[in-house]
Amino acid sequence: QVQLVESGGGSVQAGGSLRLSCGASGRTFSTTVMAWFRRSPGKESEFVAAISWTGRTTYYADSVKGRFPISRDNAENTVYLIMNSLKPDDTAVYSCAANQYYLGTAHTRYTAWGRGTQFTVSS
């Protein structure tokens, strides 16, 4: 089982950029699909982005496509989410998630979760 810890949350003004990191422990990280989800106040959990274990395949929500590239460094057991052109609607708790095979948007298919990191975009 992979244990996940997010970092990089905080506050930034609209239009700015920030990078979130998710560090993983466990020997299976390099063969694990990783993803980011977010939950805004009063809303359901929302898929943000996912990346295959090789890093060659990525998948994005329409709301962040072109703004939030996802990447991973298997040597460092870390997955990143770079957030550009930030909007107040991007304010949320961001969580990383992992599973062995599924590269998609359904949060129920992900079997390991971090606690999340709060991120606020001010206008």
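The values are calculated or read from the model by the stated rules, or taken from the named source; none is laboratory data. Model, not experiment: these values are computed from the prediction. Here the Cβ positions follow ideal geometry from the backbone for every residue, glycine too, while neighbour counts run over all protein chains shown. For accessibility, only protein heavy atoms count, side chains too; no ligands or nucleic acids. Shrake-Rupley method; radii C 1.70, N 1.55, O 1.52, S 1.80 Å.
Within the stretch 67-90, the set of residues being surrounded by fewer than 18 Cβ atoms within 10 Å (Cβ to Cβ), touching a strand residue (DSSP E or B) at 6+ places or on another chain (Cβ under 9 Å) and in a loop (DSSP other than H, G, I, E, B) comprises R67, P69, E76, N84, K87. Say we look at the stretch 22-57 and pick out the residues that are open to solvent by 20 Å² or more (accessible area, probe 1.4 Å) and hydroxyl-bearing (S, T, Y); which of these is farthest from Y80 (Cα to Cα)? By that ranking, first place goes to S45.
Selection of the stretch 94-123 for residues being over 21 Å from S25 (Cα atoms) and among the aliphatic types (A, V, I, L, M) yields A106, V121.
Within the stretch 103-123, the set of residues being under 16 Å from G8 (Cα atoms) and surrounded by fewer than 16 Cβ atoms within 10 Å (Cβ to Cβ) comprises R115, Q118, T120.
Of all residues in the stretch 9-66, which are under 17 Å from L103 (Cβ atoms), of a type in the set (S, T, Y) and either in contact (Cβ under 8 Å) with a residue 60 or more places away in the chain or in a loop (DSSP other than H, G, I, E, B) (or both)? Once the filter is applied, which keeps residues that are under 17 Å from L103 (Cβ atoms), of a type in the set (S, T, Y) and either in contact (Cβ under 8 Å) with a residue 60 or more places away in the chain or in a loop (DSSP other than H, G, I, E, B) (or both), the stretch 9-66 yields T28, T31, T32, S52, T54, T57.
Just to be sure, is D62 within 30 Å of S123 (Cβ to Cβ) and out of contact with any strand residue (DSSP E or B) (no Cβ under 6 Å at 6 or more places or on another chain)?
Numbers: within 30 Å of S123 (Cβ to Cβ): yes; out of contact with any strand residue (DSSP E or B) (no Cβ under 6 Å at 6 or more places or on another chain): yes.
Criteria met by D62.
For the structure I just gave you, tell me whether V2 is surrounded by 13 or more Cβ atoms within 10 Å (Cβ to Cβ), touching a residue at least 12 places away in the same chain (Cβ under 8 Å) and within 16 Å of T111 (Cβ to Cβ). Spelling it out, V2 is indeed surrounded by 13 or more Cβ atoms within 10 Å (Cβ to Cβ), touching a residue at least 12 places away in the same chain (Cβ under 8 Å) and within 16 Å of T111 (Cβ to Cβ).
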